[in-house]
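Since the structure comes first, as structure tokens, the remarks are kept for the end.
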Amino acid sequence: MLGIAALVIFALSETLLRSPAVNSRLATLTMEKRAGDRHPMMLVIGTRFLLPVAMMVGVYIYLRGHNLPGGGFVAGLIFAIAYLMQYMASGYVWSYDRQRYEHHALIGWGVLIASLAGVGAWFGGLPFLTSGYDYVHLWPLEEFELATAAIFDLGVFLCVLGAILLSLASLSRMALRTGETVNLAPFDIDPSADATTKGVR
Amino acid sequence: MSHWIIAPVVLPAILAGLMVMLMRHDLGLQRIFSVAGVLALNAIAGALLWAATTAPPEAYFLGNWPAPFGIILVLDRLSAMMLMLLSALALPVVLYAIGSNWDARGAHFHPLMLFLLMGIAGAFLTGDAFNLFVFFEVLLIASYGLMIHGGGQDRTRAGIQYIAFNLVGSSLFLFALATIYGITGTLNMADLAVKLPSLPESETGLLRVAAVLLILVFAIKGALVPLQFWLPGTYANAPGVVAALFAVMTKVGAYAIIRFGTLVFPTSLAATGPMLADLLLPAALVTLAVGSIGVLGASTLPRLVAFAAIASMGTAFIAIAAFTPATMSAALYYILHSTLATALLFLIADMVTRRRAHASLRASDPPIAGSGLVAALFMAGAVAMAGMPPLSGFIGKLLVLQAWRDHATIIWPAILISSFLLILGFARAGSLLFWKAHALQEEGEDRPPEPLAFTAIGAVVAGLVALTLLAGPVTGWMDATAAALYDPLPYVDATQLYEDR
């Protein structure tokens, strides 16, 4: 339920951004000068490698969350950090262009999956959110427990991820309004480009 | 076991999720689903009300966990009544939001409203103090979004104050819960009701601290002086339709105080004794005074209504503070009435404000379009709020006076004088808005009629009239409810806490 609460945060910044008062206020703000290498190559390459690793960690934390510390909420945070690293390395706009889903939809799916996972217990004649489980044996793995609570947790995970990404997006939109420049290339200096243009911005 | 108890929480959540996911860009579809959802909520609340009236309290065990460990929802007469009030109020609010186009002025009005409904419904239903905190947070977060819906400088500033104030309240709530959990090892309200009387002597001091903290938190929600400061700014600057829905949010504070005052900290509990009543009564009297003086001095119509809301909370808390079955029945009736009256006045204030393009109470403007009808509705709202016959405010205040007839020296004058001040304040505002405007200029500006918005306001008036006409059966029902509150055994039994011990 806290995951559901978290999602409402985004609408706040969203509503705030729409108001004309905020617009006029933002227009008068000037962003401080940025260094020429805001998106250094080493950071970009490093975070590219870290992205799948962080996601793996997220999946691991999600799966162990049934009986051990972890679960959908923490996994959502870890996934968000994985994306956040891309934002930091290559800038928001570049990263956003490469995401194939809507943040709003993530939250909606999250709430829906979590609620339906709870409702599912009704069909077994059990109260809302009752978790069923079974021990499954899948060949290369040892015997493990599968619980329907994991479906609810998936909803929480999507909610958290969506809420964080959306709040980041809203904050970033605020920066864009102030006239912040964006980069459409992953690095500031593209080593593969023509040598004459190297280092020139 | 009936699964419908959880439905008022799950249904808005699913609908809101669907809206965010599928119909984010289609306001028409959102409106249809929102109205359908609220109608369904009304049907569910009606069925639950029937169930609570005909059957003893019933608990719902989330996740099938037994009571002190799992979260439970408990449906009893009080929670069913508050649920019905919530859904009955939500319908005209949604219709008004659609009719007045308020929902088009910012993002996500309908999902946020559904989340607010979910939070309030959960707060009414939960039988677990920590879960109450969680639902408080859900409703608060949704209300933050709704509060600044539509944007604007004043609204945003008031919204930030509102958020800051409530964050303090939430952390106090957590401190109180942590203290209680530290003493008793449980936060299940029925479990607390059983365990607190046998608390060792050494812990009672700490328990009193926790009880006062809790009452502070609920007093913030219920706008009790000296914690009412957030209310005028918030309600006056929030969109009118949102303020109307917030009218039931202040009642969450009243509900929580009633629930804790009768179940967890009853007067018979040695550790707290009459402490709750001793704290509440003076505060309620001052609240009534502040509210009614505020009505006299208010500079804008929404502020005037906000102060009237404070005054009505004062009256409700005066009735609650006696903590006897007879006064509780009066308090419940007054809570029903004041929620509808406050919402009605906020909707009318919004209608007037939008037609005048500003909110301030000055006579320099031409009459608003359709001023005759608006004035009549305003008159109805003012009569109801001030407690004049023939509407339910009169019956409500009469019941409160009757409940306090043994201590008439302070309380009767307070209520009667404040009613007089309310009449003065409303008469001043009404004559400024609707009479003096005509003295300036005969023809008002042309404005497209808003049949749906007027229908919504008419529905609230109809609710007040129904509450007046059905006062006999309703008060009879309230008497039974109040009696049930003072007999917590069925409530505790419903949680199946001590069945196997």
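The values are calculated or read from the model by the stated rules, or taken from the named source; none is laboratory data. Values in this document were obtained by computation on a predicted structure and should not be read as measured data. Glycine also receives a Cβ, built like all others from the backbone with ideal geometry; neighbour counts cover every protein chain displayed.
Please enumerate the residues belonging to the range B:104-121 that are touching a residue at least 12 places away in the same chain (Cβ under 8 Å) and surrounded by fewer than 24 Cβ atoms within 10 Å (Cβ to Cβ).
Correct list: B:Ala104, B:Arg105, B:Gly106.
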Query raised in the report: Within the group B:Gly106, B:Gly122, B:Gly63, B:Gly70, which residue is at pLDDT 90 or above and not β-branched (Val, Ile, Thr)?
Result: B:Gly122
Query raised in the report: For B:Gly70, all conditions in the list (1) farther than 22 Å from B:Ile257 by Cβ; (2) touching a residue at least 12 places away in the same chain (Cβ under 8 Å); (3) not basic (Lys, Arg) hold save one; what is the number of the exception?
Result: (2)
Query - Which numbered condition B:Leu139 fails, given (1) more than 19 Å from B:Ala16 (Cα to Cα); (2) within 11 Å of chain A (Cβ to nearest Cβ); (3) part of a helix (DSSP H, G or I) - result: (1)
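Let's see how each residue does on (1) buried (at least 19 other Cβ atoms within 10 Å of the Cβ); (2) farther than 30 Å from A:Glu102 by Cα:
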site: B:Trp4; (1), (2): no, yes
site: B:Gly17; (1), (2): yes, no
site: B:Leu29; (1), (2): no, no
site: B:Ser34; (1), (2): yes, no
site: B:Leu48; (1), (2): yes, yes
site: B:Trp65; (1), (2): no, yes
site: B:Leu78; (1), (2): yes, yes
site: B:Leu85; (1), (2): yes, yes
site: B:Leu89; (1), (2): yes, yes
Requested in this report: Look through the range B:13-30, keep the residues that are more than 10 Å from every other protein chain (Cβ to nearest Cβ), in a helix (DSSP H, G or I) and not small (Gly, Ala, Ser), and return whichever of them is nearest to the chain's Cα centre (by Cα).
Outcome: B:Gln30
**Report entry** Flag for B:Gly70 being within 14 Å of chain A (Cβ to nearest Cβ), within 25 Å of B:Val194 (Cβ to Cβ) and assigned to a helix (DSSP H, G or I)
**Finding:** no
Report task. Tally the residues that are of a type in the set (D, E, K, R) and assigned to a helix (DSSP H, G or I), restricting the search to the range B:73-112. Result -> 2
Report task. Given the conditions (1) out of contact with any strand residue (DSSP E or B) (no Cβ under 6 Å at 6 or more places or on another chain); (2) under 15 Å from B:Ala129 (Cα atoms), report the number of the one that B:Ser143 does not fulfil. Result -> (2)
